[in-house]
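Take a look at the structure below.
The values are calculated or read from the model by the stated rules, or taken from the named source; none is laboratory data. Just so it is clear, the structure is predicted and the values come from calculations on it, not from any experiment. Virtual Cβ from ideal backbone geometry, glycine too; neighbours counted across all protein chains shown. The area values use the complete protein model at the heavy-atom level, side chains included, leaving out ligands, DNA and RNA. Shrake-Rupley method; radii C 1.70, N 1.55, O 1.52, S 1.80 Å.
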Amino acid sequence: MIALLDYGSGNLRSVEKALRKVGADVRRVTGPEGLKDASAAVLPGVGAFDDCITAMQKQELLGATRDFIASGRPFLGICVGYQALFEKSEEFNSCAAGLGLFKGKVVRFSAQSGLKIPQIGWNQIELAQADCPLFRGIPGGSYVYFVHSFFPCPEDHSIVATRTAYGETFASAIWRDNVFATQFHPEKSQEIGLRLLKNFVQLA
């Protein structure tokens, strides 16, 4: 069973639907109890960093998520669920502390690039870790779907799994041990996204 962390995020249904499509047994989880017997967990997210952290805190999911990850079971963060793994965010003068699993902060795209912010639409990923199991069978240069103004800057470059260029080059996915996270939305990335989710389900 894959636990889908439900803290009121808007895109939960589309993530759930995509996971079911690749054969996952999915259960929405709103509190710590639901994580205990899960074989893997997914933290999706749209919206603001602070809203995500505050809602998870209220539902006692912050500590439960840290404990789940420490247990070694596969974990996938998507979009804001990726950003939440870091220490803090610059979004709206954020004062919420993230999960702090990785050192680094979440920053905004530079306006100097002349590109539209947020980045909305398809862009390419360059594989930085070819052996990352999440990207098995997914070639470098594949297009995936993004909707974001902010992205994490990991201090540890060894965790970067893919990079993407949008005015500047940023870490569009990370991987360390049992933790995977993507800035893009696999559930909106058609064949490539479904392949990625299938790879994750197989790890569970």
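Observations on the structure shown:
- For the range 161-177, residues that are polar (S, T, N, Q) and surrounded by fewer than 19 Cβ atoms within 10 Å (Cβ to Cβ) total 1.
- Residue that is open to solvent by 20 Å² or more (accessible area, probe 1.4 Å), outside any helix (DSSP H, G or I) and in contact (Cβ under 8 Å) with a residue 40 or more places away in the chain, where the choices are Lys105, Lys116: Lys105
- If only residues of the range 51-68 that are among the polar types (S, T, N, Q) and surrounded by 15 or more Cβ atoms within 10 Å (Cβ to Cβ) are counted, the one that is nearest to Gln119 (Cα to Cα) is Thr65.
- Test for Phe180: is it in contact with a Pro (Cβ under 8 Å, 6 or more places away or on another chain), open to solvent by less than 50 Å² (accessible area, probe 1.4 Å) and either part of a loop (DSSP other than H, G, I, E, B) or among the aromatic types (Phe, Trp, Tyr) (or both): yes
- Selected residue (criterion: nearest to Ile120 (Cα to Cα)) from residues of the range 69-82 that are open to solvent by 10 Å² or more (accessible area, probe 1.4 Å) and either β-branched (Val, Ile, Thr) or touching a strand residue (DSSP E or B) at 6+ places or on another chain (Cβ under 8 Å) (or both): Pro74
- Yes/no for Ser189 being open to solvent by 10 Å² or more (accessible area, probe 1.4 Å) and either without any contact (Cβ under 8 Å) to a residue 60 or more places away in the chain or among the hydroxyl-bearing types (Ser, Thr, Tyr) (or both): no
- Qualifying positions in the range 90-136 - among the small types (Gly, Ala, Ser), within 15 Å of Phe170 (Cα to Cα) and modelled with pLDDT of 85 or more: Gly104, Ser110, Ala128
- The range 12-50, residues that are open to solvent by 10 Å² or more (accessible area, probe 1.4 Å), in a loop (DSSP other than H, G, I, E, B) and either closer than 25 Å to Gly72 by Cβ or not β-branched (Val, Ile, Thr) (or both): Val22, Gly23, Ala24, Asp25, Thr30, Gly31, Lys36, Asp37, Ser39, Gly47, Ala48
- Residues located in the range 51-88, provided they are of a type in the set (S, T, N, Q) and either outside any helix (DSSP H, G or I) or out of contact with any Ser or Thr (no Cβ under 7 Å at 6 or more places or on another chain) (or both): Thr54, Gln57, Gln59, Thr65, Ser71
- Flag for Ala130 being in contact with a Leu (Cβ under 7 Å, 6 or more places away or on another chain), aliphatic (A, V, I, L, M) and not in a helix (DSSP H, G or I): no
- Conditions (1) more than 21 Å from His157 (Cα to Cα); (2) surrounded by fewer than 17 Cβ atoms within 10 Å (Cβ to Cβ): number failed by Glu87: (1)
- Filtered by the rule that a residue be under 22 Å from Ser149 (Cα atoms), acidic (Asp, Glu) and modelled with pLDDT of 90 or more, the range 34-69 gives no residues.
- From Gly8, Gly98, Gly81, Gly104, residue being closer than 28 Å to Ser149 by Cβ and touching a Cys at 6+ places or on another chain (Cβ under 6 Å): Gly104
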